[in-house]
1. Restricting to helices (runs of 4 or more DSSP H) lying wholly in segment B:171-289: which have 3 or more residues that are open to solvent by less than 80 Å² (accessible area, probe 1.4 Å)?
2. Select, from B:Ile150, B:Ile155, the only residue that is closer than 16 Å to B:Gly88 by Cα, part of a helix (DSSP H, G or I) and open to solvent by less than 20 Å² (accessible area, probe 1.4 Å).
3. Could you go through segment A:109-116 and let me know if any residue there is crowded, with 22+ Cβ neighbours inside 10 Å and touching a helix residue (DSSP H, G or I) at 6+ places or on another chain (Cβ under 6 Å).
4. What residue, of B:Ile245, B:Ile226, is β-branched (Val, Ile, Thr) and over 21 Å from B:Val128 (Cβ atoms)?
5. Among the listed residues B:Ile131, B:Ile144, identify the single one that is more than 14 Å from chain A (Cβ to nearest Cβ) and buried (at least 17 other Cβ atoms within 10 Å of the Cβ).
6. Taking segment A:26-45 as the region of interest, how many residues are surrounded by fewer than 19 Cβ atoms within 10 Å (Cβ to Cβ) and of a type in the set (D, E, K, R)?
7. Quick one: what pairs do we get from segment A:110-132, first residue more than 8 Å from chain B (Cβ to nearest Cβ) and closer than 18 Å to A:Ser155 by Cβ, second in a helix (DSSP H, G or I) and open to solvent by 70 Å² or more (accessible area, probe 1.4 Å), C-beta under 7 Å, 6+ apart or different chains?
8. Taking segment B:162-212 only, how many residues are among the charged types (D, E, K, R) and closer than 28 Å to B:Gly251 by Cβ?
Amino acid sequence: MYHETRAADGADPGGAVILGHGVSKLFGGTVVALEGATFTVKPRQFISLVGPSGCGKSTLLRMIAGLIEPSSGSLHVHGDPVGKPRRDVGMMFQRPTLMAWRTVLENVLLPTELVRKVTAADRDHALELIELVGLKDFAYAFPSQLSGGMQQRASLARLLQTGADVLLLDEPFGALDEFTRERLNLELLRIVAQFGRTTLFVTHNIQEAIFLADEVFVMTPRPGRIAGIVEVPFERPRDISLMQTVPFNEMVAEVRGIFDRDNK
Amino acid sequence: MIARGAPGRKPARWMVLLDPVFLRRLATHVLIFTSFIAVWEWAGQTGRLNDLIMPAPSAIAAAIWRMYVVTGEIYWHFFVTMFEAVSGFVIGGVIGLGLAIGAALSLTFRRYVAPYAVALNVTPGIAVTPIFIAWFGFGWNSKIALAALIVFFPIFVNSLSGLLRVDRDTEELMRSLGASKMQTFFKLMLPNAAPMIFAGFKVAITTALVGAIVAEFASATEGIGIMMQRYAHRLDIAASIGVLISMALMGLLLFTLMEVADRRTVFWLRPERLEQVSRKRRRRLMALK
């Protein structure tokens, strides 16, 4: 049922991890959620998908995840056409989607548990990930005992436990307060850099999109489409002070310009 | 940063006995109850109440003493009715939960079976008693059958709505992790529905008792319902009320058992239970090979 899990460093270096050509999605035969998306995602790239509600960013993500199928166009992940969820693509949602009856560690172990019997090695790996996301002392706490930010840290650990080399993040910190969100974004950068995974990050915050990404897909609604792709040249590791610099703000203006152009 | 459940020793249960607010409330309760009983007793003793219609508390107490201690006749009847109610609950529960699971997993099943369940519910279950007695006889079986019948609906409806109330994102998460239908059911749908299923169980367990007793009223040779009927026909109201109190006791007993089962199963909705379960889970995970 699953495609073979490939090495975390991507299928063929230099080649594309995700390849979309004219990808469209219609709901109910009439509502165009996404139209003609053509793009390439290279190994280890961090891509932000930014745009207002209804621009098809979540739709695109869910197609890559294999949760829904494109209506037309071609969409390939690691060279295979998308269809079913696969082990090397993992997804994280805006809400923590943790199971209230499982401890943090048990939640993190869920992806493993669905595939095989959990071993002590799996447990130790999960505990390492829990420590990595900063929940060391809460491995045996239940979700109701954690704050919203901590719950999202736990679901990030669960995402990493899947071993997927393509991470799809659907507004993962969108429901959190500004301060928590900023901190988690920084930690996300650190973690993704450490693991060298390919990442697609959906947001409606332009600053956040640019700050995190190597490339920003600017998406506009009615019909949802990719209106422009902006390359982000800033050095890594990045610091929060980057957001105060002139080049950064020029880039924000450029992205905003794409939205304005589209509105006319 | 932690919202709830921070470590810290909770005071022991018995410490409440030292709480002045609790003591004052308790004293008020006792006062109201004893004055009510005292006035009632006084009215009985002075002939202001017809003791054929409304016996005094002392007469009821004497009747209870007789059936529990002197003759001990109540125990067998008590057991019979409890057995009927619990058996009916188990049978109706298995069928109700089973059909709810089928309906939750299959839209077709839901479409063609659920309407009958609703039709069954709008039929007054009690009215089926004569038919059940014709089918299952005068013995325990007809009582068990009636209890099962009226227990079915609350369990079916609660379980079904619990099973269908699954968070869409979490369902997508399970799909993105490649979970099979069985895995999604056992690891997500069923535990997610547990609070609702137990809400149904708690309503149903006392309903089962009603079913068993009503069926006994219709026709039976043993059981607490028939005991009550015999006393009432003899106009022994004191003993009838004694039996009524015993019925309340049965209901309380069954409900409490279910409440305990609920607390143990749906622990994640009881903040006070989390720490204990957490320790248990930790031991289990540490023991992994």
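The values are calculated or read from the model by the stated rules, or taken from the named source; none is laboratory data. From a predicted model like this one, the values you see are computed outputs, not experimental measurements. Quick reminder, even Gly has a Cβ in these numbers, built from the backbone with ideal geometry, and neighbours come from all protein chains shown. These accessible areas exclude ligands, DNA and RNA; they are computed on the full protein's heavy atoms, side chains included. Shrake-Rupley method; radii C 1.70, N 1.55, O 1.52, S 1.80 Å.
1. Counting at least 3 such residues, we get B:190-218, B:224-233, B:237-265, B:271-286.
2. Working: B:Ile150 fails: open to solvent by less than 20 Å² (accessible area, probe 1.4 Å).
Residue meeting the stated conditions: B:Ile155.
3. Yes, that holds for at least one residue.
4. Working: B:Ile226 fails: over 21 Å from B:Val128 (Cβ atoms).
Exactly one residue qualifies, and that residue is B:Ile245.
5. B:Ile144 is the lone residue from the list that is more than 14 Å from chain A (Cβ to nearest Cβ) and buried (at least 17 other Cβ atoms within 10 Å of the Cβ).
6. Here the count works out to 1.
7. A:Ile130/A:Lys136
8. 1
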